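Comments concern the structure below.
The values are calculated or read from the model by the stated rules, or taken from the named source; none is laboratory data. Please read all numbers here as calculations on a predicted model, not as lab measurements. We place every Cβ from the backbone using ideal geometry, glycine too, and count neighbours over all the protein chains shown.
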Amino acid sequence: MTTTPLIHTRQGAIATLRFDRPEAMNALDVPTAIALLGAVRAIAQDSGVRAVLLQGSGRAFVAGGDLATLRADPVQGAKDLLEPLNEALVLLEALDAPVIAQVHGAAAGAGLSLMLMCDFVLAAEGTKFNLAYINLGTSCDVGASWALPRLVGLRHALEIALLGETFTAADALRLGLVNRVLPAAELDAAAQAFAARIAAGPTVAYGRMRRLMRGSAGRSLPEQLAAEAQAFGACARTADMREGIEAFFAKRPPQFRGQ
């Protein structure tokens, strides 16, 4: 049995959070949720982090919430599990650093919900996906009802949510739920290379861009134009934008510092 349900490491500008309950296919229990919140709080205070990579140990990414947490007392169990998970999601949403999910084996229930909330998803061939909540007689959590309709539209979102059927990595790619599907043997290297690419980018601009995109559905056009102008003005004060402009005129690749 593992003693640490989540392993938080930092290599260069990449923070990696690896769910580490392989004996339970990384199902999210209360200690895991609390560990995730603690790690995300630390990342939010670390200005050197420019990309966040989520992984799972063993045979799966995250195979849902741990039903043992809910079996004895579903009401209190749900509260204890969701409070730290929801706070962690809000903090991840506020980061400038993009969040990447490296998914293999299975992403189900809360694991699929967590994946949906990430900015990028790289999935291994053979991965199985199922929102699963309806099969337990419950509605969804961990942001699925916010992210899923935005990603696939209402009709597909209702089909995925209400039928509770398993679908493949190829289906997920077709629906726009993942960015890339790779052979399982190549996933680790591809995810590291992708995270390194993101970590070398203009981090402040990434943060502004991701929040503009995520918030656009709730704004009118005039409100969105005002938000864009405010974000562009903030980026214009950064060293990275100055570097990007100078690199353009010098006909060389920009060297961003995330500042």
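Numbers below:
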| item | result |
| --- | --- |
| Count of residues meeting criterion [of a type in the set (S, T, N, Q) and under 19 Å from the mean Cα position of the chain (by Cα)] in the range 120-155 | 3 |
| Hey, residue 60 surrounded by 22 or more Cβ atoms within 10 Å (Cβ to Cβ), in the same structural domain as residue 136 (by TED's automatic domain parsing) and under 15 Å from residue 118 (Cβ atoms) or not | no |
| Checking residue 193 against (1) of a type in the set (Gly, Ala, Ser); (2) in contact (Cβ under 8 Å) with a residue 24 or more places away in the chain; (3) under 21 Å from residue 122 (Cα atoms), the condition it does not meet | (2) |
| Yes/no for residue 54 being farther than 28 Å from residue 170 by Cβ, surrounded by 22 or more Cβ atoms within 10 Å (Cβ to Cβ), touching a Leu at 6+ places or on another chain (Cβ under 7 Å) and touching a residue at least 40 places away in the same chain (Cβ under 8 Å) | no |
| Complete set of residues in the range 81-126 that are in contact with a helix residue (DSSP H, G or I) (Cβ under 7 Å, 6 or more places away or on another chain), within 17 Å of residue 176 (Cα to Cα) and small (Gly, Ala, Ser) | 101, 107, 113, 123, 124, 126 |
| Sole exception among (1) in the same structural domain as residue 97 (by TED's automatic domain parsing); (2) touching a Lys or Arg at 6+ places or on another chain (Cβ under 6 Å) for residue 174, by number | (2) |
| Helices (runs of 4 or more DSSP H) within the range 175-259 that include 1 or more residues of a type in the set (Lys, Arg) | 187-199, 203-215, 239-250 |
| Which listed residue, of 211, 197, 155, is surrounded by 15 or more Cβ atoms within 10 Å (Cβ to Cβ), out of contact with any strand residue (DSSP E or B) (no Cβ under 8 Å at 6 or more places or on another chain) and not aliphatic (A, V, I, L, M) | 211 |
| Segments classed as strands (runs of 3 or more DSSP E), wholly inside the range 81-174, with at least 1 members that are in contact (Cβ under 8 Å) with a residue 40 or more places away in the chain, closer than 30 Å to residue 46 by Cβ and among the polar types (S, T, N, Q) | 99-103 |
| Strands (runs of 3 or more DSSP E) fully within the range 1-77 counting 3 or more residues that are at positive phi and under 19 Å from the mean Cα position of the chain (by Cα) | none |
| Evaluation of residue 188 against (1) over 30 Å from residue 135 (Cα atoms); (2) more than 20 Å from the chain's Cα centre (by Cα); (3) modelled with pLDDT of 95 or more (one fails), failing number | (2) |
| Number of the condition not met by residue 207 [criteria: (1) in contact with a Lys or Arg (Cβ under 7 Å, 6 or more places away or on another chain); (2) modelled with pLDDT of 95 or more] | (1) |
| Filter pass, residue 138 being surrounded by fewer than 16 Cβ atoms within 10 Å (Cβ to Cβ), of a type in the set (Val, Ile, Thr) and either within 13 Å of residue 108 (Cβ to Cβ) or touching a Ser or Thr at 6+ places or on another chain (Cβ under 6 Å) (or both) | no |
